[in-house]
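This is the structure I want to talk about, given as structure tokens.
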Amino acid sequence: MKLDYDFNSLEKKWQKKWKEREVFLTPSHPKNKYYCLVMYAYPSGDLHMGHIKNYVIGDVVARTKRQEGKDVLHPFGWDAFGLPAENAAIIHKVHPEAWTKENIRISKEHLIRLGISYDWEKEIWSFDPNYYKWNQYFFLKFYERGLAYRKGGWVNWCPGCQTVLANEQVVDGRCYRGTCNAIVEKRKLEQWFFKITAYAERLWEGIDRLEGWPENVKIMQRNWIGRSEGIEVSFPVLGTNYSLNIFTTRPDTLYGVTFMAIAPDVEITEELIRGTEEEEKIRKFIDRILKKSEIERQAIGQEKEGIFIGRYCKNPLNGEKVPIFIADYVLGSYGTGCIMAVPAHDQRDFEFAKKYNLPIRVVIRPPGCDLKEKEMAEAYTEEGIMINSGPFSNKPSPEGIKLITDYLVEKGLARRKVNYRLRDWLISRQRYWGTPIPMIHCERCGIVPVPEVDLPVRLPEDVQDYLPKGKSVLAGVEEFINTTCPKCRGKAKRDPDTMDTFVDSSWYFLRYLDPRNEKLPFTYEATKEWLPIDKYIGGIEHACGHLIFFRFFTKFLYDLGLCAYDEPCLSLFTQGMVMLNGKVMSSSRRHGVWVGPFLEEHGADVARLAILFAAPPEKDLDWKDELITGAKRFLNRIYRLFEENNYQIKSSIKKERLSPQGKELYIRLNQTIKKVREDNERFQFNTAIAALMEFLNDLYAFSEKESEIFQFSLYNFLILLSPFAPHLAEELWERAKGEEFISSVSFPSYDPSATKFPEIEIPIQINGKLRSKIMVPLGTAEEEIKKLALEDSKVKNYTAGKEIRRIIYIKDKLLNIVIK
RNA sequence: GCGAGGAUGGCGGAAUUGGCAGACGCACUGGAUUUAGGAUCCAGUGAGGCAACUCGUGGGGGUUCAAGUCCCCCUCCUCGCACCA
């Protein structure tokens with residue numbers, strides 16, 4: 001299967017013209033802006049069909065909006081820092097920068113060859129010191145406000161990448177990088193964090209405003225942030241000055257507490273076990289638990305483990321003495337790291353109590369029946385009626401929550417608290433290819449920020465050894481690491497870590513607004529002009545990472561007064577993945593259909609159509625070479641039609657002069673324009689293309705090929721086609737002597753008076769089954785249609801001798817005769 | 001376990017509001033043209049049946065004049081979360 005025309009030179013010709021004539025440059029002061037953003041790319045070299053699906057979708061949107069008269073910003077850039085570059089450097093013995101630049105060169109060439117209408121003057125590269133300088137600038141701003149801090153503690157360590165990872169980068173206990181996939185360990189290290197938890201509430205409530213976001217992404221973010229309301233209660237530890245603070249959402253079960261449990265990795269543990277008889281034994285237990293990976297700790301069917309520490313708490317509500325355990329199922333990183341355990345009404349506590357023979361006390365019974373401790377097979381976690389709860393007995397448990405909360409708060413024994421599952425964002429990495437953290441460690445002055453005027457702190461280029469050693473690569477680069485303290489001028493060392501690449505991507509969409517500005521990261525005025533992003537297109541895998549981080553950054557920048565909006569994007573589209581033989585295409589696994597060779601063999605318009613026509617864009621699609629055939633046939637038929645008709649097009653018609661056949665075509669044209677516009681609007685590009693295919697069939701079938709209406713139809717058809725197959729559209733447009741570029745021509749609107757045929761077909765059902773069809777003029781009265789239907793010979797066969805009970809007519813749609 | 005989405009011909013998919021199920025495309029079958037076809041054009045293509053007709057959107061029930069679409073129950077698939085107190 002071949003294209004009838006020399007697609008290669010044709011496509012290159014138009015790509016060159018678009019560039020020379022600056023067709024896709026961004027208007028500088030938009031009157032009706034449209035910010036169309038696709039997630040910028042990790043430069044992996046050869047692109048595959050999965051990558052370009054994202055870009056093709058974005059391009060159809062950008063091109064359509066431009067033709068609809070919007071001032072479109074459609075930029076692209078490179079997420080150029082990150083581990084794979086370094087790993088490639090180690091394997092191929094090239095500098096990460098050289099490797100990255102070469103990949104960018106290749107990928108960019110592909111994107112241009114695909115005819116994606118980016119404004120390349122806006123291109124950005126995150127490894128550019130003029131870019132990462134601002135990462136450092138924002139870091140300092142975070143630091144000034146106490147939102148960047150250094151903290152020691154148990155963190156995720158990827159033994160494959162030899163660096164720490166953020167929680168968002170640990171997927172099912174493994175490294176998020178597909179090629180690595182190593183089981184993540186816990187290490188006790190001091191690291192840099194961004195205090196995203198300070199924004200937890202705003203990130204949570206902001207989700208409600210994200211009207212154009214897919215529901216599932218919003219749910220994922222809500223899960224990730226994990227807001228829950230409850231109280232923090234203090235349980236005094238008997239015989240000490242310590243108290244265990246616990247968080248609970250179920251104060252109604254406070255009378256059912258039979259033990260306390262603390263996480264092995266919280267500080268209070270240390271205080272409570274010091275000097276106790278069993279100290280040695282307990283320490284061994286803690287060590288053993290902490291050595292387990294997340295995967296081991298969370299394995300299904302994993303038995304809970306714990307150890308009694310020999311101390312007791314006093315229940316502040318009923319004064320009872322309850323034993324304290326260290327338990328592996330309690331998370332040190334959530335709430336206070338301590339819990340009150342209510343085995344009767346919490347499944348985890350129940351299992352633990354069963355294992356260690358601890359008492360189970362029912363304090364909530366199901367409405368209308370009893371609950372016996374000895375007969376319980378699992379905890380009763382529903383609402384119910386409170387029992388064994390002193391003065392609160394016999395109250396419904398939801399009411400009990402309120403009453404006990406009020407009581408404890410009033411007595412000063414508890415306080416209301418909202419807890420979040422979200423943890424602070426660990427942003428330091430022990431790798432080379434990233435933004436240096438602009439901090440200096442001085443023996444005398446402690447941690448000192450690099451003064452703003454000294455930014456950027458440049459990443460040293462002449463590094464010979466990128467090999468990860470389990471500690472920061474930059475620590476071994478003498479010229480870099482040794483510096484002077486900005487405060488005391490004494491000898492000091494730079495922070496040896498680099499930033500998580502997700503810092504780069506948290507604000508890149510703002511840099512596009514003013515990418516060459518050396519004085520500012522972007523201007524407030526530009527954010528006012530261009531934000532929020534009108535459509536953000538990317539993969540759903542970023543739902544709980546990047547898509548939370550960029551909201552967080554935007555809120556922070558808003559608070560700084562740098563950005564005019566506090567939500568970056570109100571409309572998000574997540575496209576489905578492209579699979580090959582049932583497996584996701586992947587550069588790192590060298591599994592995919594590669595764009596370079598594909599463009600050589602089939603061309604850009606074929607690639608674009610094949611991807612868009614295969615399935616609705618939000619769905620995963622399994623790549624099949626058969627897709628190419630359909631796309632090529634379609635393009636060939638278009639090409640031939642225009643050739644056969646000597647490229648005659650016409651931009652207007654006189655409606656009054658239409659022949660009967662011409663009228664029909666005119667209606668079909670308007671139906672098609674309407675359909676394509678509506679489908680484009682709701683991202684149904686597959687059916688929009690199907691509508692164009694149908695209309696093409698009509699054009700072939702139309703006999704009056706010299707007529708005005710035929711040429712007018714060709715004119716409109718080309719514009720409708722142009723966002724999908726812009727190269728062929730431009731070429732035919734030029735041959736037909738259309739003015740300027742089709743890419744800049746107004747998208748057609750339809751004539752609302754001409755979307756229905758004057759004669760319509762009404763299906764006739766009898767008892768809901770299709771029995772006949774009649775043709776009637778549009779707008780025929782109901783009575784007339786009923787009469788015609790009953791006279792219809794096929795209908796008569798069924799109605800003869802039967803009682804007609806009802807006739808239901810749905811205007812212009814259908815008639816149903818109910819007989820007995 | 002919880003949450004979300006889904007199941008439609010041989011395949012990808014269409015049916016926007018309960019109203020002709022299978023648009024459009026691929027594959028396939030027959031024919032035309034051609035030295036030839038992995039080109040093009042025409043016709044056909046859910047299943048059964050000579051036909052009239054019957055059956056048909058994962059399975060079972062229901063509501064309705066009318067159900068792929070709404071309600072109840074079930075099966076399977078995909079994704080997300082999962083000791084979050």
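The values are calculated or read from the model by the stated rules, or taken from the named source; none is laboratory data. Remember, it's a predicted structure, so these values are computed and weren't measured experimentally. All Cβ positions, even for glycine, are placed from backbone atoms using ideal geometry, and neighbour counts span all protein chains on display. For accessibility, only protein heavy atoms count, side chains too; no ligands or nucleic acids. Shrake-Rupley method; radii C 1.70, N 1.55, O 1.52, S 1.80 Å.
So the check is Cβ under 7 Å with 6+ separation or different chains; which pairs have a first residue in the range A:789-811 that's open to solvent by less than 80 Å² (accessible area, probe 1.4 Å) and a second one that's polar (S, T, N, Q) and more than 11 Å from RNA strand B (Cβ to nearest atom)?
A:L790/A:T799
Follow-up. Taking the conditions exactly as written (without any contact (Cβ under 8 Å) to a residue 12 or more places away in the chain and more than 28 Å from A:N87 (Cα to Cα)), does A:D566 satisfy them or not?
No, not satisfied.
Say whether the condition of being open to solvent by less than 30 Å² (accessible area, probe 1.4 Å) and within 30 Å of A:P316 (Cα to Cα) is met by at least one residue in the range A:202-222.
Among the residues of the range A:202-222, not one is open to solvent by less than 30 Å² (accessible area, probe 1.4 Å) and within 30 Å of A:P316 (Cα to Cα), which makes the answer no.
I would also like to ask the following. Condition test on A:P521, is it touching a helix residue (DSSP H, G or I) at 6+ places or on another chain (Cβ under 6 Å), in a loop (DSSP other than H, G, I, E, B) and over 30 Å from A:G335 (Cα atoms)?
Yes: the conditions hold for A:P521.
Ok, one more. Applying the selection to the range A:200-221, what residues are of a type in the set (D, E, K, R) and within 9 Å of RNA strand B (Cβ to nearest atom)?
Selection gives A:E215 alone.
Answer with yes or no whether A:R423 is assigned to a loop (DSSP other than H, G, I, E, B) and buried (at least 22 other Cβ atoms within 10 Å of the Cβ).
Taking the combined requirement at face value, the residue does not satisfy it.
Among the numbered criteria (1) more than 37 Å from the chain's Cα centre (by Cα); (2) within 11 Å of RNA strand B (Cβ to nearest atom); (3) open to solvent by 70 Å² or more (accessible area, probe 1.4 Å), which one does A:N241 miss?
For A:N241, the exception is condition (2).
Another question, then. Right, A:G69: at pLDDT below 95, more than 13 Å from A:D119 (Cβ to Cβ) and open to solvent by 10 Å² or more (accessible area, probe 1.4 Å) or not?
Taking the combined requirement at face value, the residue does not satisfy it.
While we're on this one: I'd like the residue in the range A:528-551 that is part of a helix (DSSP H, G or I) and among the basic types (K, R) and, out of all such residues, is most open to solvent (accessible area, probe 1.4 Å).
A:K528
Hey, any hits in the range A:280-287 for a residue that's more than 30 Å from A:G400 (Cβ to Cβ), touching a helix residue (DSSP H, G or I) at 6+ places or on another chain (Cβ under 9 Å) and of a type in the set (A, V, I, L, M, F, W, C)?
Yes.
If I filter the range A:763-786 down to residues being basic (K, R) and part of a strand (DSSP E or B), which single residue comes out as surrounded by the fewest Cβ atoms within 10 Å (Cβ to Cβ)?
If we take residues in the range A:763-786 being basic (K, R) and part of a strand (DSSP E or B), then A:K769 is surrounded by the fewest Cβ atoms within 10 Å (Cβ to Cβ).
Report, by residue number, each residue of the range A:72-87 that is open to solvent by 10 Å² or more (accessible area, probe 1.4 Å) and part of a helix (DSSP H, G or I).
Of everything in the range A:72-87, those that are open to solvent by 10 Å² or more (accessible area, probe 1.4 Å) and part of a helix (DSSP H, G or I) turn out to be A:L83, A:P84, A:N87.
I'd like to check something: does the range A:732-750 contain any residue that is assigned to a strand (DSSP E or B), open to solvent by 30 Å² or more (accessible area, probe 1.4 Å) and not polar (S, T, N, Q)? Walk me through how you get there before you give the answer.
Taking the range A:732-750 first, the residues assigned to a strand (DSSP E or B) are none.
Looking through the range A:732-750, none of the residues is assigned to a strand (DSSP E or B), open to solvent by 30 Å² or more (accessible area, probe 1.4 Å) and not polar (S, T, N, Q).
Considering only the range A:448-464, state which residues are over 25 Å from A:H95 (Cα atoms) and assigned to a loop (DSSP other than H, G, I, E, B). Explain how you work it out, then say what you get.
So in the range A:448-464, the residues over 25 Å from A:H95 (Cα atoms) come out as A:448-454.
Scanning the range A:448-464 gives A:V450, A:P451.
To continue, here is another question. When only residues in the range A:333-367 that are closer than 22 Å to A:V266 by Cβ and away from RNA strand B (no atom under 12 Å from the Cβ) count, which is surrounded by the most Cβ atoms within 10 Å (Cβ to Cβ)?
So, considering only residues that are closer than 22 Å to A:V266 by Cβ and away from RNA strand B (no atom under 12 Å from the Cβ), the one surrounded by the most Cβ atoms within 10 Å (Cβ to Cβ) is A:A353.
In the set A:I638, A:I719, A:I649, A:I653, which member is within 15 Å of RNA strand B (Cβ to nearest atom) and either in a helix (DSSP H, G or I) or open to solvent by less than 40 Å² (accessible area, probe 1.4 Å) (or both)? Walk me through how you get there before you give the answer.
Working: A:I719 fails: within 15 Å of RNA strand B (Cβ to nearest atom); A:I649 fails: within 15 Å of RNA strand B (Cβ to nearest atom); A:I653 fails: within 15 Å of RNA strand B (Cβ to nearest atom).
Result of the check over A:I638, A:I719, A:I649, A:I653: A:I638.
Right, another one. For the range A:586-635, which positions are modelled with pLDDT under 90 and either assigned to a loop (DSSP other than H, G, I, E, B) or within 15 Å of A:M1 (Cβ to Cβ) (or both)?
If the condition is that a residue be modelled with pLDDT under 90 and either assigned to a loop (DSSP other than H, G, I, E, B) or within 15 Å of A:M1 (Cβ to Cβ) (or both), then A:S587, A:S588, A:R589, A:R590 are the ones that fit.
Can we say A:A610 is free of Cβ contacts under 8 Å to residues at least 60 places away in the same chain and either within 15 Å of RNA strand B (Cβ to nearest atom) or hydrophobic (A, V, I, L, M, F, W, C) (or both)? Spell out the reasoning first.
Numbers: free of Cβ contacts under 8 Å to residues at least 60 places away in the same chain: yes; either within 15 Å of RNA strand B (Cβ to nearest atom) or hydrophobic (A, V, I, L, M, F, W, C) (or both): yes.
For A:A610, the condition - free of Cβ contacts under 8 Å to residues at least 60 places away in the same chain and either within 15 Å of RNA strand B (Cβ to nearest atom) or hydrophobic (A, V, I, L, M, F, W, C) (or both) - is met.
Then there is this: What's the total number of residues in the range A:386-409 that are open to solvent by 40 Å² or more (accessible area, probe 1.4 Å) and in a strand (DSSP E or B)?
Looking only at that region, the number is 1.
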